[in-house]
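Where a number appears in this text, it was derived from the coordinates with a stated rule and is not lab data. The structure presented is a predicted model; accordingly, all values stated were derived computationally and were not measured. A quick note on method: Cβ atoms are made from the backbone with ideal geometry, for glycine too, and the neighbour counts reach across all protein chains shown.
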Amino acid sequence: MKLDQARALLTGAAGGIGTEAAEALARRGARLLLVGRRAEPLDTLARALGQRHGRSAGALRPGELPPDIAWLAADITRPEDQARCAQAAEACGVDLLIHNAGQPAFGRFEALDAERLHALIAVNLLAPMQLSLALLPGLRRKPQAAIVAIGSALGRLGLPGHVAYGASKAGLRGFCEGLRRELADTPVRVQYLGPRAVATGFNSPAAEAHRIASGSRADPPAEVARALIALIERGEAERHLGFPERLAGPINAFLPTLLDGPLGRQARSLPAA
Ligand SMILES: NC(=O)c1ccc[n+]([C@@H]2O[C@H](COP(=O)([O-])OP(=O)(O)OC[C@H]3O[C@@H](n4cnc5c(N)ncnc54)[C@H](OP(=O)(O)O)[C@@H]3O)[C@@H](O)[C@H]2O)c1
């Protein structure tokens, strides 16, 4: 996809990866529709991008021409906000939908409750599926379009401490794989990016301590943004980041119990439920 001709709706735009992704997309000439729940950081980000890249920027207002860098405050789990996102996407001519908003759920599975589980699946899996459904009629009418999901290495490697989160990202990957094949004869590409841990405010101090104790590394969010741009520009179906995580995924798929011993031992350093 040619980004200098694209208009991207980016969810979770004011977060750690979102901010870097917005910057990288704007640098490539893409126009943006930044989405998140909080208006203030979105407005600050849009204005900063507008200034840096010499583009018009501001809130998306009904009946007015959308600025190049537009923003919309919306909770993507709420049906009424999903409808507002779809209307805004139509008004802006969105042809690139990037599912980046997400929430963590680090800790023992038994420490979670039903409400937390529901909220996690709602934002990490259900909302991307519902938003895709709402935007697909518009995306199908474009000469080129893409739906891109930011998943996780944990979407193809189940780990202690990340059981529910990993399940939400495995579901997201399955959604992308099926939809990619279902839309193969349309102008809409469906793509999935699987970063390993990323140094943003997403991970709690306890999750960080566990990651360090497990010997796994974290990438800077700018590296994820670079990978996202490469994925979109090259039209790749999937891209996975970091070694050995990139390798562990396929090994786990072929030999699902091979890593049970070493990875299972990571449960010992988890906080008690
Ligand atoms: N950091 C990591 O270690 C890591 C690793 C692999 C994958 N990922 C994935 O990368 C994505 C971005 O993560 P990040 O590290 O940038 O996290 P982050 O800094 O916490 O950003 C997450 C963003 O999601 C938005 N968000 C959360 N719930 C939302 C909702 N209901 N509606 C709309 N927006 C919502 C938040 O914005 P508001 O609060 O303003 O709504 C926030 O800007 C997530 O999908 C995450 O699962 C992260």
Got at least one residue in segment 114-132 being assigned to a loop (DSSP other than H, G, I, E, B) and either without any contact (Cβ under 8 Å) to a residue 24 or more places away in the chain or over 20 Å from the mean Cα position of the chain (by Cα) (or both)?
no
Is it the case, given these coordinates, that Arg7 is farther than 24 Å from Cys176 by Cβ and among the charged types (D, E, K, R)?
no
Just one of (1) surrounded by fewer than 16 Cβ atoms within 10 Å (Cβ to Cβ); (2) part of a loop (DSSP other than H, G, I, E, B); (3) within 16 Å of the ligand (Cβ to nearest atom) trips up Pro143, so point out which.
(3)
Taking segment 232-247, which residues are surrounded by 12 or more Cβ atoms within 10 Å (Cβ to Cβ) and either touching a strand residue (DSSP E or B) at 6+ places or on another chain (Cβ under 9 Å) or on the phi > 0 side of the Ramachandran plot (or both)?
Ile232, Glu236, Ala237, Glu238, Arg239, His240, Leu241, Gly242, Glu245, Arg246
Might you let me know whether segment 141-156 holds any residue that is more than 21 Å from Ile232 (Cβ to Cβ) and under 20 Å from the mean Cα position of the chain (by Cα)?
yes
For segment 159-198, which residues satisfy the criterion of being in a loop (DSSP other than H, G, I, E, B), in contact (Cβ under 8 Å) with a residue 60 or more places away in the chain and out of contact with any strand residue (DSSP E or B) (no Cβ under 8 Å at 6 or more places or on another chain)?
Leu159, Pro160, Gly161
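Every residue, every condition in (1) buried (at least 16 other Cβ atoms within 10 Å of the Cβ); (2) without any contact (Cβ under 8 Å) to a residue 24 or more places away in the chain; (3) assigned to a helix (DSSP H, G or I); (4) in contact with a helix residue (DSSP H, G or I) (Cβ under 8 Å, 6 or more places away or on another chain), yes or no:
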| residue | (1), (2), (3), (4) |
| --- | --- |
| Ser216 | yes, no, no, yes |
| Ala230 | no, yes, yes, no |
| Gly249 | yes, no, yes, yes |
| Ala267 | no, no, yes, no |
Just wondering, is there one or more residues in segment 146-154 that are surrounded by fewer than 18 Cβ atoms within 10 Å (Cβ to Cβ) and either in a helix (DSSP H, G or I) or without any contact (Cβ under 8 Å) to a residue 60 or more places away in the chain (or both)?
no
What is the one condition in (1) surrounded by 15 or more Cβ atoms within 10 Å (Cβ to Cβ); (2) in a loop (DSSP other than H, G, I, E, B); (3) over 16 Å from the mean Cα position of the chain (by Cα) that Ala273 does not satisfy?
(1)
Here are the criteria: (1) crowded, with 17+ Cβ neighbours inside 10 Å; (2) over 18 Å from Gly155 (Cα atoms); (3) more than 20 Å from the chain's Cα centre (by Cα). Tell me which single one Pro221 does not satisfy.
(3)
Which residue out of Ile232, Ile251 is farther than 17 Å from Ala170 by Cβ and not basic (Lys, Arg)?
Ile232
Of residues in segment 102-112 being small (Gly, Ala, Ser) and part of a loop (DSSP other than H, G, I, E, B), the one farthest from Gly235 (Cα to Cα)
Gly107
Take the residues in segment 193-214 that are surrounded by 16 or more Cβ atoms within 10 Å (Cβ to Cβ) and away from the ligand (no atom under 11 Å from the Cβ), then tell me which one is farthest from Pro262 (Cα to Cα).
His210
Would you check if there is a residue in segment 242-261 being of a type in the set (A, V, I, L, M, F, W, C) and within 13 Å of the ligand (Cβ to nearest atom)?
no
